[in-house]
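Encoded as structure tokens, the structure appears first; notes follow it.
No lab work stands behind these numbers, since they all come straight from the coordinates. These numbers were taken from a predicted model, which means no experiment stands behind them. Using ideal geometry, Cβ is built from the backbone for each residue, glycine included, and neighbour counts are taken over all protein chains shown.
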Amino acid sequence: MDVSYILDELNDAQRDAVTADSTGTLVLAGAGSGKTRVLVHRIAWKIKVEGLSTHSIMAVTFTNKAAKEMRGRIESLLGSSLNHGMWVGTFHGLAHRLLKAHAQEAGLPNNFQILDSDDQLRQLKRIHRELALDDSRWPPRQSQYFINGHKDEGRRAAHIDDFGGDIYLTTMLKVYRRYEEICRQQGVIDFAELLLRALELWRDNPAILDHYQQRFKHVLVDEFQDTNAVQYAWLRLLASKGMAMTAVGDDDQSIYGWRGARIENIQQFSKDIENTHVVRLEQNYRSTATILKAANALIANNSQRLGKELWTEDGDGDKISLFAAFNEQDEARFLTDRIAELVRDDYRRSDIGVLYRSNAQSRILEEYLIRAGLPYRIYGGQRFYDRLEIKNALAYMRIVELRDDDTAIERVINTPTRGIGTRTVEILREYAREHQTSLWRASLAIIENGLLPARAGNALRGFLALVEDLAEQCRDKPLDEQINIAIDRSGLLAFHEKEKGEKGQARVENLHELITAAAAFEPEDEDIEPLRAFLDRAALDAGDQQADEHEDSVQLMTLHSAKGLEFPAVFIVGVEENLFPHKMSMEDPERLEEERRLAYVGITRAEQKLFLSYAESRRLHGQESFNSLSRFIREIPNELIDEVRINNTVSRPSSYAQSGATTAQQASAAAMGISLGQHVLHSIFGAGVVLSFEGQGASARVQVNFEDEGSKWLVLQYANLQIL
Ligand code: ATP
Ligand code: MG
């Protein structure tokens, strides 16, 4: 059998990594050097040449999407389809699969549910209320951070010593304990718990561990620099009897320190596994020399590095463009203009990645992209499964599936409104707490015992009947029909249809889209009931699944979710001090280095073109700020950068609106040769800068910030502004 093709299109170092027969193999290499490619080819090699069965391989990726891609690439190398025997997925996905198979031994009900971070926060809010903690002194988010932080390190409440009376610790522990208790009662499990539970399962059940140790012969991990303590401990446990393990990673791309990831795991790996074969890859196949030089220069400013330099055979390519926008609107306009240009130049929209530091930055970009008619997707963001109406619809399905799901009940007991007031819900909670039972059972008991006033009792009875009716109707129906029934009978659809404006419209569309998603859903594991599998998938995918995967669309995402991806053209917006680096990390040298690594990740996503932009003034979360250019950009050598000046943009034809102005408003202003950020001279008020527009035609007005007179609104046609 000729298998040399597996080694074609690999350089010598990559081949070495692919074919190594060492127990421990560590590929330590910079961005775009082929680490992920090496993993894929190594798996194909193990199967084709060494005869390993797909059943005996486990591969860990950073996102569910990456897992899907990896599967596809392995299949195309093997020329045959992989069955589900091969475990490819994220740590969370694999832990979930494991716990599903051994729910009982893990101390979980068979139909345990995943609690996402919103649900978790809501649960904690309830606990704070129950413990009479004042939110202003004890924000529930703080508890969430405390609990997840400890779980990531493998610590349960019982493991933490409160050192006799420290009020902070005592309180947090009280919350943590109560939270553990409630999760257990409800049979729900949060993200950090998935991992911890999977670790404990193996640790406490030698027979189960042994089964998996027999089964798996090789485990491979991508993005190894971002594994946390529990994840690494889990891998170590599995591999403790000498199973082969391959890890690929880049210390310069470790960006999840704030979530418990440990760069040190890289060094630990070579210590833990004897005779680890270390391979370094230095040739980059992704980016132009210019982009690579910029990335190298930037990351050289970090002190804690294992140290490596990337090179490429590729030419210099274009310079990096840096755009100084007047404000965030101007920046969004620059972005859409340039994207439209790229599309005219035959770039596919999906070839374009738009990266930002904070989620909230996407809103304005989305607005401009929509107006410009440029389809986009938010990758890894809160787009579809995190939307309110989707969560509500799924909550109904969760209750249909499991009546004791208190989180879901709380969410929709009065959504859409059906006369169940907060007072009633409080009575339910109280009863449930006292009798150590679920809200559903509490409701039944309360109605039975006539503990509610007639009207409230009727409303509650209505809800219980609705759920039972849904369950009845949904029985034995295909998944999409079940969703259809649920959104219709629950009244959710009608509720949003009545909502005015685009928002209601969008929510209705989303609900319809959920039916589409259900229709297209293919469960990975045939043994799990489809609805259950769908709900779990939705919870796991909230991070990285999209509504319309197939349309060619511009890819928007945070810098964090861009890890591992690549695009011919990349925009990084908001390269400003306080925003990037984030103001929370500017004081702490270690966190600043992590921010720099994030910048390194961002820059190295680009293959051919890189655009950077910053705004001199920015309105974000309702606040205006004035920031200077990010230090990270100042660390890039000048000669690699081509600065686009604001005034150049004035003459550039633009079909996009500015500052909330319509195209017509824009046109009247443009006819006068005026654009946002334009320096102008007025015969009475002197020199100033254009801030915004309003109205059109004869009533078009312009707001100018005059140097001496401050900001003024002027009727455009009389203002007689001179352009400077
Ligand atoms: P990151 O650190 O960003 O995750 P990586 O090290 O995983 O990057 P890959 O994504 O595997 O890098 O590879 C980067 C790009 O280079 C991909 O498009 C890949 O197909 C290509 N590539 C890798 N090795 C080679 C090679 N030997 N010949 C041609 N192209 C290659
Ligand atoms: Mg990679």
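Ordering of 65-75, 218-228, 320-330 by packing is 218-228, 320-330, 65-75, highest average first (other Cβ atoms within 10 Å, averaged per residue). Of the peptides 704-714, 83-93, the order by per-residue mean of other Cβ atoms within 10 Å, starting with the highest, comes out as 83-93, 704-714. Placing pseudo-labels 7 Å out from each Cα toward the beta carbon at Arg371 and Lys241 gives an inter-label distance of 6.4 nm. In this Cβ point-charge picture (+1 for Lys and Arg, -1 for Asp and Glu), the chain has a dipole of about 1080 debye about its Cα centre.
Ranked by the mean number of other Cβ atoms within 10 Å per residue, highest first, peptides 157-168, 273-284 order as 273-284, 157-168.
Based on every Cα atom in the range 302-393, Rg and the maximum pairwise Cα distance Dmax equal 17.5, 52 Å.
Each pair of Cα atoms in the range 113-186 enters the Kirkwood radius, and Stokes-Einstein at 20 °C and 1.002 mPa s then converts it into a translational diffusion coefficient of 172 µm²/s. Taking other C-beta atoms within 10 angstrom as a stand-in for reagent exposure, Trp258, Trp234, Trp45 fall in the order Trp258, Trp45, Trp234, fewest first. Ordered by the count of other Cβ atoms within 10 Å of each Cβ, fewest first, Ser270, Ser561 give Ser270, Ser561. Among Asn392, Ile447, Met58, which residue has its Cα positioned farthest towards the positive end of the charge dipole of the chain, with +1 placed on the Cβ of Lys and Arg, -1 on the Cβ of Asp and Glu, and the dipole taken about the Cα centre? Final value for the positive-end residue is Ile447. Computed from backbone phi, the HN-Hα couplings of the range 604-617 come to 7, 7, 7, 8, 10, 10, 10, 10, 10, 8, 9, 10, 6, 10 Hz, rounded to whole numbers (Karplus: 6.51 cos²θ - 1.76 cosθ + 1.60, θ = phi - 60°; Gly and Pro given as x).
Decide, for the range 352-461, between rounded, prolate and oblate: order the square roots of the alpha carbon gyration tensor eigenvalues as a ≥ b ≥ c, take rounded if a/c falls under 1.5, and otherwise choose prolate if a/b is larger than b/c, else oblate. Prolate.
Residue-wise HN-Hα couplings along the range 202-213, as the Karplus relation 6.51 cos²θ - 1.76 cosθ + 1.60 with θ = phi - 60° gives them from phi, are 5, 5, 9, 10, x, 5, 5, 4, 4, 4, 6, 5 Hz; Gly and Pro carry x.
Computed across the range 385-541, the Kirkwood radius stands at 16.3 Å (inverse of mean 1/r, all Cα pairs). What the phi angles of the range 469-483 give under the Karplus curve with 6.51, -1.76 and 1.60, with θ = phi - 60°, is a coupling list of 4, 4, 4, 4, 5, 7, 4, 6, 8, x, 3, 5, 5, 4, 5 Hz, glycine and proline written as x. So for the chain, what percent of the C-alpha to C-alpha distances run longer than 37 Å? Taking all Cα-Cα pairs of the chain, the fraction more than 37 Å apart is 48 percent. Look at the dipole of the range 385-541 built from charges on Cβ: of Ala533, Gln482, Asn458, the Cα furthest out on the positive end belongs to Asn458. The magnitude of the dipole of the range 113-186, with charges of +1 and -1 set on the Cβ of Lys/Arg and Asp/Glu and taken from the Cα centre, is near 180 debye.
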